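S.K.: Structure below; questions to follow.
The values are calculated or read from the model by the stated rules, or taken from the named source; none is laboratory data. If you're wondering where the values come from, they're calculated on a predicted model, not measured in any experiment. When we count neighbours, we look across all protein chains shown, and the Cβ atoms used for this are built from the backbone with ideal geometry, even at glycine. For the accessible areas, the whole protein counts, side chains as well, though only heavy atoms, and no ligand, DNA or RNA atoms are used. Shrake-Rupley method; radii C 1.70, N 1.55, O 1.52, S 1.80 Å.
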Amino acid sequence: MADGVAPGSAGQLDRDYTAARHEAEVMAGASRDLAQRAMVYHHLFRHSGGNHAFPLLAAHGALWAGGYFARGERIGLGLSLSALHRPARRRARLAALAAFAEAFREINRRVCVEVYATYRFTLAHGERAGTDAYVDALLLDALNRCHHAVRRMRALGQAERARLFEAFFRWEQRAVVAPSVAAAANGFTWEPVRRLALRPSIRFAYMRHRETLHFANFADTDERIEKGLRAYAVAKAVGWDEVEARLSRYRALPAGCLTSAGTAFHAARARLLPPEHLRLAAARSVQPA
């Protein structure tokens, strides 16, 4: 009890959960740090022995989003030319578009925080009484199965892997993504651009053209879940090694990220987090390996 908190106590759980979320906030970066988040996601996938597939697909999502946001800005600039004779309106529309895009980048960041914090916290405390006060019960059970598999150096079966993906995906879509997407969509009133933005066609680097995910309304939670489960099914059919390798096609990850995932991650972690945090995390054995 060097820090005055009994091991395994509710106080320790609360302290370590807070520390895990703080670290997750730092590692997720700022809203525009999409490549950094992809690197973090990729490390979690590798650390899980390939059992936690959600971070791998989220890495594809983050890297795909970089190009999507850039295209959206170009389209918005083009459509704003119709208001050249009304500069105040044009500025207002472009500002609204920038805020709309920022809201979606922030959603991307928040999802990364949740992925990282829940993985790190359950890695250390998943089987302790009281952990279900911090992590959804279904997700906690699925993550504990993942951690057990890693410790035994085995792969989860297809059913267990799918169960973990779906447990996290359904939880984050309803608890994190849904309210934020609704708020962003309802607050954006430039109708032509709003319609385009909510009808994206998403094709990750591991997908063939006919597997593109065409959205009728991205603000519809049920549709996002249906498309996300389809993205998982396509990835499973392609093969996880190939899905991982195709992250390189975005040409956005830091050098060496795919070949030396642990080295790249820990170098970033050491650079971004203060030494005292790293020391305490090591002492409590709650840091990712």
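S.K.: Go through segment 148-166 and count every residue that is part of a helix (DSSP H, G or I), open to solvent by less than 70 Å² (accessible area, probe 1.4 Å) and farther than 23 Å from residue 219 by Cβ.
M.R.: Final tally of qualifying residues: 7.
S.K.: So if I check each of 89, 109, which one is open to solvent by 20 Å² or more (accessible area, probe 1.4 Å) and at pLDDT 95 or above?
M.R.: 109
S.K.: Would you check if there is a residue in segment 132-139 being aliphatic (A, V, I, L, M), in a helix (DSSP H, G or I) and surrounded by 17 or more Cβ atoms within 10 Å (Cβ to Cβ)?
M.R.: yes
S.K.: Which of the residues belonging to segment 248-289 are buried (at least 16 other Cβ atoms within 10 Å of the Cβ), among the hydroxyl-bearing types (Ser, Thr, Tyr) and at pLDDT below 75?
M.R.: Hits for segment 248-289: nothing passes.
S.K.: Which of the numbered conditions does residue 103 fail, given that it passes all the others? Conditions: (1) farther than 27 Å from residue 240 by Cα; (2) touching a Ser or Thr at 6+ places or on another chain (Cβ under 6 Å).
M.R.: (2)
S.K.: Is it the case, given these coordinates, that residue 213 is free of Cβ contacts under 8 Å to residues at least 60 places away in the same chain and under 17 Å from residue 57 (Cα atoms)?
M.R.: In short, yes.
S.K.: Oh, and also: For segment 30-53, does any single residue satisfy the condition of being crowded, with 21+ Cβ neighbours inside 10 Å, among the acidic types (Asp, Glu) and in contact (Cβ under 8 Å) with a residue 12 or more places away in the chain?
M.R.: No, segment 30-53 contains no residue that is crowded, with 21+ Cβ neighbours inside 10 Å, among the acidic types (Asp, Glu) and in contact (Cβ under 8 Å) with a residue 12 or more places away in the chain.
S.K.: Examine segment 209-230 for a residue that is assigned to a loop (DSSP other than H, G, I, E, B), open to solvent by 30 Å² or more (accessible area, probe 1.4 Å), of a type in the set (Lys, Arg) and in contact with a helix residue (DSSP H, G or I) (Cβ under 9 Å, 6 or more places away or on another chain), and state whether such a residue exists.
M.R.: no
S.K.: Name the pairs: first residue in segment 249-268 and in contact (Cβ under 8 Å) with a residue 60 or more places away in the chain, second residue among the acidic types (Asp, Glu) and open to solvent by less than 70 Å² (accessible area, probe 1.4 Å), Cβ to Cβ under 9 Å, at least 6 apart or on different chains?
M.R.: That search, which allows pairs on different chains as well, returns 258/244.
S.K.: Something else about it: Which members of segment 167-189 meet the condition of being open to solvent by less than 20 Å² (accessible area, probe 1.4 Å) and more than 22 Å from the chain's Cα centre (by Cα)?
M.R.: 188
S.K.: Would you say residue 70 is within 18 Å of residue 252 (Cα to Cα) and free of Cβ contacts under 8 Å to residues at least 12 places away in the same chain?
M.R.: The answer is yes for residue 70.
S.K.: Pick from 124, 129: which is open to solvent by 20 Å² or more (accessible area, probe 1.4 Å), at pLDDT below 95 and within 26 Å of residue 36 (Cβ to Cβ)?
M.R.: 124
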